[in-house]
2 protein chains.
Amino acid sequence: MASTPPRAATLHEVAALAGVSHQTVSRFLHNRGPFKPATIERVEAAIKELNYRPNMIARSMRTRETGILAAILPSPVTALPTPTLAAAAEVARRSGYFMEISVIEGPAQDRARRAQELLDSGRLEGVLSLGALPGMSEQPRTPTTTALAILDQYDDKLRGIGPLADASVLREIIQTLADMGHRRFLHIEGPQDWSSARARRDEYLRSIAELGLESHGVRGGDWTTESGYAAISGLEEDSCVTAVIAANDYLALGAVRAAHDRCWHVPKRLSVIGWDDLATARYTIPALSTVAVDRESQGRSAMERLIALVRNEPAPEPANPVSRLILRESTGPAPAPPNPQR
Amino acid sequence: MASTPPRAATLHEVAALAGVSHQTVSRFLHNRGPFKPATIERVEAAIKELNYRPNMIARSMRTRETGILAAILPSPVTALPTPTLAAAAEVARRSGYFMEISVIEGPAQDRARRAQELLDSGRLEGVLSLGALPGMSEQPRTPTTTALAILDQYDDKLRGIGPLADASVLREIIQTLADMGHRRFLHIEGPQDWSSARARRDEYLRSIAELGLESHGVRGGDWTTESGYAAISGLEEDSCVTAVIAANDYLALGAVRAAHDRCWHVPKRLSVIGWDDLATARYTIPALSTVAVDRESQGRSAMERLIALVRNEPAPEPANPVSRLILRESTGPAPAPPNPQR
DNA sequence: ACGATTCAAGTGATCGTTCACATTATGGGT
DNA sequence: ACCCATAATGTGAACGATCACTTGAATCGT
């Protein structure tokens, strides 16, 4: 009807049009207190007429609550951890919060600075970091600080978020492969500023040593398929490596393809095992052995922890993250040694 | 030193401590106007002492600018389109905006409603939707509305964002396969509320008809590997389909594996082609033929369009999205007919 | 018919910042 | 010593909502 107003309608304008006070409209929007039917009608009409929408910024300014939590992730991640994020978002939603995702680029140092800016902005009630932030640790919300929870499988000091399930699975993997006759291993690691990557690497080295097996070393260094491909295609022909443990499925897929390209059959000549159980892992050829991490429950309990920190409630019982070894076609018995030793 | 203050320091507190007016501190924070060296020193000291951080909410309330754009995506997407998002975020960053990602769950109807809420919240200066929003279309920013750009390969009315590169590639695919002797095709489609999925399906049907080839129909319906697997494993043994065109790489990977499981060699018995050129597509076995969509430039120009809408500038020249057919190991000549016809 | 009680709605301050404007130093020329 | 331009800083009102109170209208028992 009327020409476009110069700006969005405010509470006061609605109130004026409805012939009531601004406070009445505010109460109406929050379903507080009883109203006379006539009032309801007039206010509703005015809201509709002006196409009124509450200004969240003004509201947040007064209440100091935004209802928004952010999940932040480092950018150079091959694929965003969708199931983790989805589970976290679902928990947030059910608790009345909205979760947004902020991708923070750059080296670890920069990331911590940008994360601090987010924490200080006052725009967020809590921040869930996927991946470690150098020099920062979990903190509850106070009038001066925004709550921060860190999901990095383990926090920086390896104080367990749940038991060290991570490590135990790696040992199980190596034991299983050893039982199949494998003696010489290779680890393709992830970026070492991820504590989950560090934990896998460390447990790999420890298990190899404790079980009296041989390691041909550690390669890789980021989370990409290319890196996995390079790790295997760069291997000497006589390396005698028969089993490869990759820090994630992308690395493992690259490794499988590299083996294929140099005519090393997987698993007859080389066994490969990944980590994460990507949605496609059971459909690849050969189907990829991997570690299924319960990413849903991981995301869920991290978000529950964050919300407890936001509300200054005691931390909820953390769900035990269950990491489960899944053997598929990419692993098998070690090949018979090319030239028998005795 | 001092005990934790009841709440974060404000401009006024800094000003009081430094012995200047709040406005001087504000100016200082924005590098406006010259200052006496002594003033600079005192203000800097006060900011440090109180660990002052400007409250972005209060600032936004006054300036009506938040510097924040959001990319929204529907949730049931197998993997977030990382390259697109990264490119978009980079453009935003360079233009002085911060891009956050909001995942909106639920059916198309709900999504549109939630998107509208985001648009109305006042928290965002612009919204970039990946995927169509029923009943909503691109709009510039006005005092009462938030800018909205939609990236769905093509917008709802198929008014080309750039030329219909999409379609032309599909025709090229079919022509190429026909040249290799293929006569009977199958399309595995994506969800039809995505206009890109619709465009692929429509062009598939049109090309088949115009080139005088046969279609065994259309299967699929979402973007998942499972769906692709089911499409092929459900195929009759005597379907005579020799070429499968999937609407994305996940569907294609499922199709390849299903073929493998029923002992249909890819590509000797069945050629499969995907869409998107996933990072892993060139490493799968067999390496997947696919369509490389320039997702970076797609994300980039969508974000440039959004920023122009936010600033009420004329729309920038859209970069021509170049879709390029990449033939790898999963496609090959059609098999000789099992029983020669003449 | 009147005071007490509950119902319904109104008033003005406030959150922390920026805007528009007013005011007070400072220094140089005559 | 005075004026004036410019440098440097100060003042108070917005922004649009909510909070903490206060006030006026209806209801009811006696």
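Side notes on the structure shown:
- Residue that is nearest to A:Trp194 (Cα to Cα) [pool: residues in region A:86-110 that are at the interface with another protein chain (Cβ under 7 Å from one of its Cβ atoms) and hydrophobic (A, V, I, L, M, F, W, C)]: A:Val103
- Options B:Glu49, B:Glu41; residue that is within 12 Å of DNA strand D (Cβ to nearest atom) and away from chain A (no Cβ under 12 Å): B:Glu41
- Looking across A:Ala246, A:Ala308, A:Ala259, one residue alone is within 12 Å of chain B (Cβ to nearest Cβ), more than 23 Å from B:Thr224 (Cα to Cα) and not hydroxyl-bearing (Ser, Thr, Tyr). It is A:Ala259.
- Flag for A:Ala279 being at negative phi and touching a Phe, Trp or Tyr at 6+ places or on another chain (Cβ under 9 Å): yes
- Identity of the residue in region B:6-35, part of a loop (DSSP other than H, G, I, E, B) and open to solvent by 70 Å² or more (accessible area, probe 1.4 Å), that ends up modelled with the lowest pLDDT: B:Pro6
- Once region B:68-85 is narrowed to residues that are over 14 Å from B:Val103 (Cβ atoms) and modelled with pLDDT under 90, the residue that is farthest from the other protein chains (Cβ to nearest Cβ) is B:Thr84.
- B:Glu65 within 8 Å of another protein chain (Cβ to nearest Cβ) and among the acidic types (Asp, Glu): no
- Taking region B:6-38 as the range and being within 12 Å of chain A (Cβ to nearest Cβ) and without any contact (Cβ under 8 Å) to a residue 24 or more places away in the chain as the test, the residues that pass are B:Pro6, B:Arg7.
- Only one of B:Ala46, B:Ala58, B:Ala71 that is surrounded by 13 or more Cβ atoms within 10 Å (Cβ to Cβ) and near DNA strand C (Cβ under 9 Å from one of its atoms): B:Ala58
The values are calculated or read from the model by the stated rules, or taken from the named source; none is laboratory data. Not measured: the values here are computed from a predicted model. Every residue, glycine among them, receives a Cβ derived from its backbone with ideal geometry; neighbour counts consider all protein chains shown. The area values use the complete protein model at the heavy-atom level, side chains included, leaving out ligands, DNA and RNA. Shrake-Rupley method; radii C 1.70, N 1.55, O 1.52, S 1.80 Å.
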